[in-house]
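To start, the structure under review is shown below, and the notes come after it.
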């Protein structure tokens, strides 16, 4: 009897421990899902107003003051309205750049880049991604569902500027990943080239990195949380996190792409750019910017940044 009671005790204890671990996993995954995916203020993302001390203040101030057209489309889910600012070039042209911002940023945060492309003679279109800025949406897709939204923005550009449009897609951080993910989709011939700055290789790798870097979670804790988060995302957002891969998308891209990454990037590790660079099938160039932290390559070396982009565009957008 005593042995039977002992077995019953250990069985009951095992079930209780298992139940506690399951509840902890579900609760922890729900918390981190809200932090990573749900539209809400993020304490680890700081958006500050422009300052005269900024190295790119003149460009940022130009975008703040320039007259903009207000464009809208429906997102690819046909539920959420997306909003963008459009600034025509100083001289009429069929060249347009589609600019994608980063995680929990907004179109206004890309003003310096818009000014640079405008100076290079391009029309510029700057959308707020779904669940960002003025655009509708509750869940962030890290570029994966957004790649379908970019297809719609590209069609909107062609409708506005004509069938002889020449379109370049550019993005920073999550916008860089969105650019790479979009490159692997079916696109019209008017899309001529891509430029990505510090985009991650896969969503799962980036979330894993941040779980360890920001929250110092050991692998034994982070791994089950990430898998549960992925299931949540499949149910709520339509895809498993492991599906969202810039590397896999780049395997289907044959258009020219310029890759830029800061040598001191710890938010999206610099090592990721080499995986992305190797994956693309089209003409490609890589520039790793000495001394630059995450999304700071333009600020760190503004003249060289402009020159690299201008030379790339001169080669591939005619």
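The values are calculated or read from the model by the stated rules, or taken from the named source; none is laboratory data. Everything quoted here is computed from the prediction, not taken from an experiment. Cβ atoms come from the backbone with ideal geometry, glycine included; neighbour counts cover every protein chain shown.
Condition check for residue 61 on (1) in a helix (DSSP H, G or I); (2) surrounded by fewer than 24 Cβ atoms within 10 Å (Cβ to Cβ); (3) touching a strand residue (DSSP E or B) at 6+ places or on another chain (Cβ under 7 Å): one failure, at (3). Is it the case that some residue within the range 219-226 is touching a helix residue (DSSP H, G or I) at 6+ places or on another chain (Cβ under 7 Å), modelled with pLDDT of 95 or more and surrounded by 15 or more Cβ atoms within 10 Å (Cβ to Cβ)? Scanning the range 219-226, I find no residue that is touching a helix residue (DSSP H, G or I) at 6+ places or on another chain (Cβ under 7 Å), modelled with pLDDT of 95 or more and surrounded by 15 or more Cβ atoms within 10 Å (Cβ to Cβ), so the answer is no. One residue alone among 158, 195 is touching a strand residue (DSSP E or B) at 6+ places or on another chain (Cβ under 7 Å), over 30 Å from residue 30 (Cβ atoms) and at pLDDT 95 or above, and that residue is 195. Kindly establish whether residue 104 is in contact with a helix residue (DSSP H, G or I) (Cβ under 6 Å, 6 or more places away or on another chain) and either surrounded by 24 or more Cβ atoms within 10 Å (Cβ to Cβ) or not in a helix (DSSP H, G or I) (or both). Criteria not met by residue 104.
Within the range 241-278, the set of residues being buried (at least 22 other Cβ atoms within 10 Å of the Cβ) and assigned to a helix (DSSP H, G or I) comprises 241, 246, 249, 250, 272, 273, 276. Quick one: count up the residues across the range 84-98 that are assigned to a loop (DSSP other than H, G, I, E, B) and touching a strand residue (DSSP E or B) at 6+ places or on another chain (Cβ under 7 Å). Number satisfying all stated conditions: 4. Looking only at the range 226-233, decide whether some residue is over 17 Å from residue 143 (Cα atoms), in a loop (DSSP other than H, G, I, E, B) and touching a residue at least 60 places away in the same chain (Cβ under 8 Å). No, the range 226-233 contains no residue that is over 17 Å from residue 143 (Cα atoms), in a loop (DSSP other than H, G, I, E, B) and touching a residue at least 60 places away in the same chain (Cβ under 8 Å). Are any of the residues in the range 284-292 touching a residue at least 60 places away in the same chain (Cβ under 8 Å), under 15 Å from residue 195 (Cβ atoms) and under 19 Å from the mean Cα position of the chain (by Cα)? Taking every residue of the range 284-292 in turn, none turns out to be touching a residue at least 60 places away in the same chain (Cβ under 8 Å), under 15 Å from residue 195 (Cβ atoms) and under 19 Å from the mean Cα position of the chain (by Cα). Of 176, 184, all but one fail to be touching a helix residue (DSSP H, G or I) at 6+ places or on another chain (Cβ under 7 Å), within 26 Å of residue 269 (Cβ to Cβ) and at pLDDT 95 or above; the exception is 184.
Would you confirm whether any residue within the range 170-191 is more than 23 Å from residue 110 (Cβ to Cβ), surrounded by 15 or more Cβ atoms within 10 Å (Cβ to Cβ) and in contact with a strand residue (DSSP E or B) (Cβ under 8 Å, 6 or more places away or on another chain)? No.
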